[in-house]
1. Does residue 89 fit the bill of being at pLDDT below 85, more than 11 Å from the chain's Cα centre (by Cα) and loosely packed, with under 12 Cβ neighbours inside 10 Å?
2. Restricting attention to region 99-138, which residues are closer than 14 Å to residue 27 by Cα and either at pLDDT below 90 or surrounded by 15 or more Cβ atoms within 10 Å (Cβ to Cβ) (or both)?
């Protein structure tokens, strides 16, 4: 469990993805990022169902969108890509870790963002990328 005194969130924690995983599987860093063409040094997760939905919906794949309930197996920190850089504080309750996350359950059903919301987010991300501002500090 997390012993980091700077992180106040006790969860539950979610990971949105299109990967087909099973209960007990471990999500680990050093896999290809869903958002950049490189391996990620961290594994990212959130205590916000809304943020997990975005993770699942925006992941690069044609596979089924999934949200897993996860347990961090080591220390974690606020995700610096969102905390204070895009949003003051950590309203998205987004975190990252160099330690694995254990899959403890999959949400059976959840309500997707509307197609309009998803298209708006994709357009915003494309604009950031074109402006060279879609940088992930990993």
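The values are calculated or read from the model by the stated rules, or taken from the named source; none is laboratory data. What you see is a predicted model, and the numbers here were worked out from it, not measured in a lab. In this analysis, Cβ positions are derived from the backbone assuming ideal geometry, glycine residues included, and neighbour counts consider all displayed protein chains.
1. Criteria met by residue 89.
2. 99, 100, 101, 102, 103
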